[in-house]
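Encoded as structure tokens, the structure appears first; notes follow it.
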There are 2 protein chains.
Amino acid sequence: MKHLEFAHDPCISHLYTERAQAQAERDDLRRVCSHAEGTAGALMSSAYARVAVDLTAAQAIDALRREAADAQALYQAYVLDEQRRLLGTLSLRELILAAPDTPVAQLMVKPVVSVTVAASQESVARLISHHDLPALPVLDEQARLVGIVTCDDAMDVVVEEATEDFHKGALIATRIGNLKTATTGLLYRKRVFWLVLLVFGNLFSGAGIAAFEDTIAAHIVLVFFLPLLVDSGGNAGAQSATLMVRGLATGEVAMRDWLSMLGRECGVALLLGLTMAVAVASLGALRGGADVAFIVASSMLVIVLVGSLIGMSLPFLLSRLRLDPATASGPLVTSIADAAGVLVYFGIASQVLDI
Amino acid sequence: MKHLEFAHDPCISHLYTERAQAQAERDDLRRVCSHAEGTAGALMSSAYARVAVDLTAAQAIDALRREAADAQALYQAYVLDEQRRLLGTLSLRELILAAPDTPVAQLMVKPVVSVTVAASQESVARLISHHDLPALPVLDEQARLVGIVTCDDAMDVVVEEATEDFHKGALIATRIGNLKTATTGLLYRKRVFWLVLLVFGNLFSGAGIAAFEDTIAAHIVLVFFLPLLVDSGGNAGAQSATLMVRGLATGEVAMRDWLSMLGRECGVALLLGLTMAVAVASLGALRGGADVAFIVASSMLVIVLVGSLIGMSLPFLLSRLRLDPATASGPLVTSIADAAGVLVYFGIASQVLDI
């Protein structure tokens with residue numbers, strides 16, 4: 001990112017003295033202005049050109065010439081009033097095309113899409129993407145222009161966020177940094193917490209199995225179908241959860257859509273469960289006869305239904321608890337669906353076989 | 001995206017007659033010019049301003065004025081020779097700052113970062129992000145400028161690609177479109193294939209268990225630890241796979257890094273396995289005594305090691321087979337690691353208990 005020096009926000013401009021240290025300085029800037037990480041304020045740069053609203057086209061060109069001493073890339077100029085409030089945007093093209101005495105107020109385009117410094121970087125990226133903007137102006141609480149977020153900086157955020165969501169889904173604590181240069185110790189620390197936690201989480205599945213030890217001992221054939229049935233619930237759940245997590249992340253779905261989504265998910269899960277039940281019924285018949293065929297088919301139907309509904313609901317639940325829904329898309333939902341699957345399978349089996 | 005009409009690529013410009021149908025026209029354009037989907041050629045627009053290299057600053061401004069009749073956003077002008085080969089870029093700022101008789105050749109910046117029409121959209125997005133470009137010029141095989149990809153279009157691609165990778169990881173066939181409006185039937189079709197395939201894939205785990213039926217029947221306590229051990233391998237594998245898949249997608253790691261990554265992964269997996277072995281050893285001792293403690297602890301160590309190495313290797317293997325590595329990050333790696341885990345666990349158990 002090239003940094004320009006013609007924006008004179010008192011909290012920004014004095015930091016931009018040595019261009020080679022631009023990135024380090026932007027970090028300083030963030031600290032000095034103390035905008036919270038992940039907000040538009042922390043992401044913005046002072047690389048914007050501004051023009052007073054009461055100038056003519058010719059005066060505006062002169063002003064840009066004087067102020068924009070070493071600008072490298074310039075997207076558009078922002079038209080401000082005396083209080084530095086944003087009134088409109090002005091393309092350089094409009095400026096050079098206009099008759100010299102045309103007032104800037106006539107040439108500018110309004111209204112302007114903008115955010116406040118406190119806006120989340122996700123919403124910044126979403127606005128830039130949705131409105132196809134080269135840069136998005138950032139305003140303070142008094143609607144004064146304090147910076148812009150350029151599209152290329154927003155793109156870095158989008159890539160970073162997606163990476164974090166991928167990692168969270170796999171229950172890796174985030175901020176690995178560059179994967180290629182990450183040390184063994186760092187990777188260990190980022191991965192161990194959830195893995196150990198899930199070991200204890202999976203005790204529920206184990207306890208579920210233990211509760212049905214007699215049924216299993218009497219019908220050892222049931223164990224053959226255990227991974228197949230239990231994993232199917234986890235897999236269906238991971239699909240539902242991933243669809244929701246990504247839908248929430250891109251803004252395609254919102255919390256209020258949960259109920260209508262749940263209705264559709266029931267339909268999808270029922271169809272999936274029926275298909276998979278048919279697939280395993282024949283296997284069950286082959287290995288254990290009609291009883292086992294019935295047990296595995298009905299278990300499959302219920303397990304896929306339960307797994308899908310867990311996968312569908314967990315991201316919304318986490319979101320409501322102000323936790324990151326991205327955590328729900330992988331092994332977490334699989335482990336929960338697994339435990340549910342064990343109970344369903346052996347619950348049905350003990351009913352059918354022991355009565 | 002606003003479309004300009006001052007670029008006269010014969011294959012592009014005649015399509016840009018009605019601005020309201022810009023998107024539909026861009027689709028036409030893609031078909032007409034027959035650039036493969038997912039390439040720079042399919043993504044580029046003709047919204048660029050060009051300037052002949054032998055003009056002065058004043059002449060260039062005039063030329064832009066004449067040609068750029070309805071341009072809305074203008075990033076920079078591209079300086080071309082008579083064969084339309086790209087010589088450099090020219091910012092509008094440089095133009096208005098320059099003395100009127102300065103030759104464009106003196107004002108332009110070179111070399112220019114560019115891609116060919118056949119470049120992948122991933123590489124386009126990566127270049128824009130890496131070089132902080134507002135737009136990236138696209139050249140044909142003869143190094144002639146044929147279009148530009150703007151940062152905001154590249155951002156849409158980045159978001160789309162991340163979504164596709166998330167879905168692929170959860171084994172959902174891609175191109176769901178908008179999740180909110182997707183029909184039950186569509187979601188069913190996109191999800192059913194892999195779910196049924198994994199049912200049959202999990203037969204391997206079932207068959208593994210069946211092979212050790214006698215061991216299990218004699219020591220039913222072993223079943224208690226089955227989900228816990230098997231899932232740990234899957235979870236560790238999903239972490240490794242996700243790190244690799246995302247590393248490959250963002251370009252942080254490449255195929256040639258595989259061997260050095262594998263070495264580090266062995267170290268990480270060993271540490272993780274040891275930690276988790278300690279965690280389960282006490283559980284094993286509690287439920288089944290010293291023998292079981294030894295079995296579950298040593299199984300855990302081996303299973304986490306094997307799971308991590310499978311998770312680490314699968315994305316590279318898929319990549320080498322020209323399949324999409326993103327498929328490896330979720331249930332696929334979990335299912336494979338599960339089957340391996342069953343074999344390891346009961347293999348160790350039957351050795352320890354039956355001898």
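Does A:Gly267 satisfy the criteria of being part of a helix (DSSP H, G or I) and modelled with pLDDT under 90? Walk me through it before giving the result.
Values: part of a helix (DSSP H, G or I): yes; modelled with pLDDT under 90: no.
Taking the combined requirement at face value, the residue does not satisfy it.
Evaluate the following for B:Leu171: is it more than 11 Å from every other protein chain (Cβ to nearest Cβ) and either on the phi > 0 side of the Ramachandran plot or not acidic (Asp, Glu) (or both)?
Numbers: more than 11 Å from every other protein chain (Cβ to nearest Cβ): no; either on the phi > 0 side of the Ramachandran plot or not acidic (Asp, Glu) (or both): yes.
No: the conditions fail for B:Leu171.
B:Leu321 is checked against (1) more than 23 Å from A:Asp338 (Cβ to Cβ); (2) more than 10 Å from every other protein chain (Cβ to nearest Cβ); (3) within 32 Å of the chain's Cα centre (by Cα); (4) touching a residue at least 60 places away in the same chain (Cβ under 8 Å) and fails just one. What number does that condition carry?
Against the list (1) more than 23 Å from A:Asp338 (Cβ to Cβ); (2) more than 10 Å from every other protein chain (Cβ to nearest Cβ); (3) within 32 Å of the chain's Cα centre (by Cα); (4) touching a residue at least 60 places away in the same chain (Cβ under 8 Å), B:Leu321 comes up short only on (4).
Please give the number of the condition A:Leu171 fails out of (1) closer than 30 Å to B:Leu332 by Cβ; (2) part of a helix (DSSP H, G or I); (3) of a type in the set (A, V, I, L, M, F, W, C).
(2)
Answer yes or no: is there a residue in the stretch A:69-84 that is among the small types (Gly, Ala, Ser), under 18 Å from B:Met155 (Cβ atoms) and either within 13 Å of chain B (Cβ to nearest Cβ) or free of Cβ contacts under 8 Å to residues at least 60 places away in the same chain (or both). Walk me through it before giving the result.
To start, the set of residues in the stretch A:69-84 that are among the small types (Gly, Ala, Ser) comprises A:69, A:71, A:73, A:77.
Checking the rest, the ones that are also under 18 Å from B:Met155 (Cβ atoms) come to A:73.
After this cut, where a residue has to be either within 13 Å of chain B (Cβ to nearest Cβ) or free of Cβ contacts under 8 Å to residues at least 60 places away in the same chain (or both) as well, the list is A:73.
Scanning the stretch A:69-84, I find at least one residue that is among the small types (Gly, Ala, Ser), under 18 Å from B:Met155 (Cβ atoms) and either within 13 Å of chain B (Cβ to nearest Cβ) or free of Cβ contacts under 8 Å to residues at least 60 places away in the same chain (or both), so the answer is yes.
Just give me the residues in the stretch A:182-191 being of a type outside the set (Lys, Arg) and over 15 Å from B:Gly237 (Cβ atoms), in sequence order. Walk me through how you get there before you give the answer.
Within the stretch A:182-191, the first condition is being of a type outside the set (Lys, Arg), and the residues that meet it are A:182-188.
The answer is A:Ala182, A:Thr183, A:Thr184, A:Gly185, A:Leu186, A:Tyr188.
Based on what the data block shows, is A:Asp140 more than 9 Å from chain B (Cβ to nearest Cβ) and free of Cβ contacts under 8 Å to residues at least 40 places away in the same chain?
So A:Asp140 passes the test.
Looking only at residues in the stretch A:111-123 that are closer than 21 Å to A:Ser91 by Cα and modelled with pLDDT of 85 or more, which one is surrounded by the most Cβ atoms within 10 Å (Cβ to Cβ)?
We begin by selecting, within the stretch A:111-123, every residue closer than 21 Å to A:Ser91 by Cα; these are A:111-115.
Okay, now just the ones that are also modelled with pLDDT of 85 or more, so A:113-115.
Working: A:Val113: 12, A:Ser114: 18, A:Val115: 22.
Restricting to residues being closer than 21 Å to A:Ser91 by Cα and modelled with pLDDT of 85 or more, the top hit is A:Val115.
Taking the conditions exactly as written (more than 8 Å from chain B (Cβ to nearest Cβ) and at negative phi), does A:Ala279 satisfy them or not? Reasoning before the result, please.
Numbers: more than 8 Å from chain B (Cβ to nearest Cβ): no; at negative phi: yes.
Against the criterion (more than 8 Å from chain B (Cβ to nearest Cβ) and at negative phi), A:Ala279 does not qualify.
Given the criteria at pLDDT below 80 and crowded, with 16+ Cβ neighbours inside 10 Å, does B:Ala49 qualify?
On the way: at pLDDT below 80: yes; crowded, with 16+ Cβ neighbours inside 10 Å: yes.
Here the answer is yes, as B:Ala49 does meet what is asked.
Considering only the stretch A:129-143, I want to know if a residue exists there that is in contact with a strand residue (DSSP E or B) (Cβ under 7 Å, 6 or more places away or on another chain), of a type in the set (Val, Ile, Thr) and more than 16 Å from A:Val79 (Cβ to Cβ).
Checked the stretch A:129-143: no residue is in contact with a strand residue (DSSP E or B) (Cβ under 7 Å, 6 or more places away or on another chain), of a type in the set (Val, Ile, Thr) and more than 16 Å from A:Val79 (Cβ to Cβ).
Report yes if B:Ala119 is in contact with a Leu (Cβ under 9 Å, 6 or more places away or on another chain), under 30 Å from B:Ala238 (Cα atoms) and touching a residue at least 40 places away in the same chain (Cβ under 8 Å), otherwise no.
Considered against the rule, which asks whether it is in contact with a Leu (Cβ under 9 Å, 6 or more places away or on another chain), under 30 Å from B:Ala238 (Cα atoms) and touching a residue at least 40 places away in the same chain (Cβ under 8 Å), B:Ala119 comes out as no.
Restricting the search to the stretch A:239-276, which residues are crowded, with 21+ Cβ neighbours inside 10 Å and either farther than 27 Å from A:Ala326 by Cα or more than 10 Å from chain B (Cβ to nearest Cβ) (or both)?
Passing the criteria: only A:Met276.
Select from the stretch A:315-355 the residues that are among the charged types (D, E, K, R) and surrounded by fewer than 24 Cβ atoms within 10 Å (Cβ to Cβ) and list them in ascending order. First the steps, then the outcome.
Of all residues in the stretch A:315-355, those among the charged types (D, E, K, R) come to A:320, A:322, A:324, A:338, A:354.
A:Arg320, A:Arg322, A:Asp324, A:Asp354 - these are the residues of the stretch A:315-355 that are among the charged types (D, E, K, R) and surrounded by fewer than 24 Cβ atoms within 10 Å (Cβ to Cβ).
Looking at the stretch A:90-97, can you tell me whether even one residue there is in a helix (DSSP H, G or I), within 11 Å of another protein chain (Cβ to nearest Cβ), surrounded by 19 or more Cβ atoms within 10 Å (Cβ to Cβ) and among the basic types (Lys, Arg)? If you could, list the steps in order and put the result at the bottom.
Of the residues in the stretch A:90-97, the ones in a helix (DSSP H, G or I) are A:92-97.
With the extra rule that they be within 11 Å of another protein chain (Cβ to nearest Cβ), the set shrinks to A:92-97.
Add one more test, that the residue is surrounded by 19 or more Cβ atoms within 10 Å (Cβ to Cβ), and what stays is A:92-95.
Still in the list and also among the basic types (Lys, Arg): A:93.
Looking for residues that are in a helix (DSSP H, G or I), within 11 Å of another protein chain (Cβ to nearest Cβ), surrounded by 19 or more Cβ atoms within 10 Å (Cβ to Cβ) and among the basic types (Lys, Arg), one finds at least one in the stretch A:90-97, hence yes.
Determine which member of the set B:Leu228, B:Leu222 is farther than 30 Å from B:His167 by Cβ and among the hydrophobic types (A, V, I, L, M, F, W, C).
Numbers: B:Leu228 fails: farther than 30 Å from B:His167 by Cβ.
The match here is B:Leu222.
Among the residues of the stretch B:197-210, is there at least one that is under 22 Å from the mean Cα position of the chain (by Cα) and at negative phi? Steps first, answer last, please.
First, the residues of the stretch B:197-210 that are under 22 Å from the mean Cα position of the chain (by Cα): none.
No, the conditions are met nowhere in the stretch B:197-210.
Only residues that are part of a loop (DSSP other than H, G, I, E, B) and more than 13 Å from chain A (Cβ to nearest Cβ): list them for the stretch B:109-134, please.
Kept after step one, since they are part of a loop (DSSP other than H, G, I, E, B), are these residues of the stretch B:109-134: B:110-114, B:117-119, B:132-134.
The answer is B:Lys110, B:Pro111, B:Val112, B:Ser114, B:Val117, B:Ala118, B:Ala119.
Yes/no per residue for (1) free of Cβ contacts under 8 Å to residues at least 40 places away in the same chain; (2) more than 19 Å from B:Glu37 (Cβ to Cβ):
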{"site": "B:Ala135", "(1), (2)": "no, yes"}
{"site": "B:Val146", "(1), (2)": "no, no"}
{"site": "B:Gly169", "(1), (2)": "no, yes"}
{"site": "B:Ile172", "(1), (2)": "yes, yes"}
{"site": "B:Gly185", "(1), (2)": "yes, yes"}
{"site": "B:Leu203", "(1), (2)": "yes, yes"}
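What's the number of the condition A:Gln106 fails, among (1) assigned to a loop (DSSP other than H, G, I, E, B); (2) more than 14 Å from chain B (Cβ to nearest Cβ)?
Exception for A:Gln106: condition (1).
The values are calculated or read from the model by the stated rules, or taken from the named source; none is laboratory data. Not measured: the values here are computed from a predicted model. All Cβ positions, glycine included, derive from the backbone under ideal geometry; neighbour counts span all protein chains shown.
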